[in-house]
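Notes follow once the structure below has been shown.
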Amino acid sequence: MEKSTLRRADLLFSIALILGSLWFMIQSIKLFLNPFGRKWEAVPAEAVKETLTFWYKSPALMPFFVSLLVLLCSVMLFHVAMKSGARLDFIKKDKIAAFLKNREFQSFVVITLLLCVYAFVLIPVCGKLLVRIRIIRGFPFFVATFIYLLSMMLAFGHRKLGHAVRSLLVSFLVSGIVTYAFGTLAKIPLP
């Protein structure tokens, strides 16, 4: 990639990081003032006073400082990008259309969608449907991970039968090894 393209990407990424870190800082402050998630009317004044007195014990302290550091780094990235000449003038209809047709961006979208399907659909559905099958500890996790890995390999691999068979075998073995190692040997609860 060209330096100007990278700086434009840095500019957009720094803006996204600034917004994300500000959101996390606000959530951390909410967690600091109301750690149990009660309605604000139900939070007694004594609890707020105690929270302010013992601020160093708050569970919100670490997320607040991490988001503060991310905010500082993203402001520095924004400054470097602007100093290098990056501007938001490249956001035009034809440029956006070309960006959406970019193969790397399309791969990113497919990976993100498959990961979201894995986390928000496959894990819960397999957990509810396969919880009664107790062949090995974490069997629903095994099935969900197998489906996810196989779909990733088929989506980004060669369109040949040999590759599909290898993908099936690798997905099965990796899912089985991870499930057995973490669920049975290490006794880590799997989703």
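The values are calculated or read from the model by the stated rules, or taken from the named source; none is laboratory data. For clarity, every value in this text was computed on a predicted model and none was experimentally measured. FYI the Cβ positions are ideal-geometry reconstructions off the backbone, even for glycines, and counts take in every protein chain you see.
For residues that are at pLDDT 95 or above and among the small types (Gly, Ala, Ser), scanning just segment 19-77, find the one that is nearest to Arg7 (Cα to Cα). Filtering segment 19-77 for residues that are at pLDDT 95 or above and among the small types (Gly, Ala, Ser), the one nearest to Arg7 (Cα to Cα) comes out as Ser74.
When Ile96, Ile91, Ile111, Ile29 are checked against the criterion of being within 30 Å of Gly157 (Cβ to Cβ), of a type in the set (A, V, I, L, M) and free of Cβ contacts under 8 Å to residues at least 40 places away in the same chain, a single residue qualifies: Ile96. Within segment 47-58, residues that are within 13 Å of Ile29 (Cα to Cα) sit with their Cβ atoms under 6 Å from residues that are of a type outside the set (Ser, Thr, Tyr) and surrounded by 11 or more Cβ atoms within 10 Å (Cβ to Cβ), at 6+ positions apart or across chains, in these pairs: Ser58/Phe32. You will find that of Ala98, Ala86, the residue that is aliphatic (A, V, I, L, M) and surrounded by 13 or more Cβ atoms within 10 Å (Cβ to Cβ) is Ala86 and no other.
Check whether at least one residue in segment 108-121 is outside the structural domain of Asp10 (by TED's automatic domain parsing), in contact with a Leu (Cβ under 7 Å, 6 or more places away or on another chain) and of a type outside the set (S, T, N, Q), and report yes or no.
Initially, segment 108-121 is screened for residues outside the structural domain of Asp10 (by TED's automatic domain parsing), giving 108-121.
When the remaining residues are screened for being in contact with a Leu (Cβ under 7 Å, 6 or more places away or on another chain), the result is none.
No, the conditions are met nowhere in segment 108-121.
Only one of the numbered conditions (1) exposed (fewer than 11 other Cβ atoms within 10 Å of the Cβ); (2) under 20 Å from the mean Cα position of the chain (by Cα); (3) among the hydrophobic types (A, V, I, L, M, F, W, C) is not met by Leu149, and that is (1). For Ala119, the conditions (1) farther than 30 Å from Asp10 by Cβ; (2) without any contact (Cβ under 8 Å) to a residue 60 or more places away in the chain; (3) surrounded by 13 or more Cβ atoms within 10 Å (Cβ to Cβ) are fulfilled apart from (1).
When segment 145-166 is filtered for residues that are closer than 16 Å to Ile111 by Cβ and in a helix (DSSP H, G or I), the ones remaining, listed by number, are Thr145, Ile147, Tyr148, Leu149, Leu150, Ser151, Met152, Met153, Leu154, Ala155, Phe156.
Specify which of the listed residues (Leu61, Leu17, Leu11) is of a type outside the set (Gly, Ala, Ser), exposed (fewer than 15 other Cβ atoms within 10 Å of the Cβ) and either at negative phi or in contact with a strand residue (DSSP E or B) (Cβ under 6 Å, 6 or more places away or on another chain) (or both). Step through it out loud before you land on a result.
Values: Leu17 fails: exposed (fewer than 15 other Cβ atoms within 10 Å of the Cβ); Leu11 fails: exposed (fewer than 15 other Cβ atoms within 10 Å of the Cβ).
Of the residues listed, the single one that is of a type outside the set (Gly, Ala, Ser), exposed (fewer than 15 other Cβ atoms within 10 Å of the Cβ) and either at negative phi or in contact with a strand residue (DSSP E or B) (Cβ under 6 Å, 6 or more places away or on another chain) (or both) is Leu61.
Within segment 152-191, the only residue that satisfies the criterion of being surrounded by 14 or more Cβ atoms within 10 Å (Cβ to Cβ) and over 24 Å from Val121 (Cα atoms) is Arg166.
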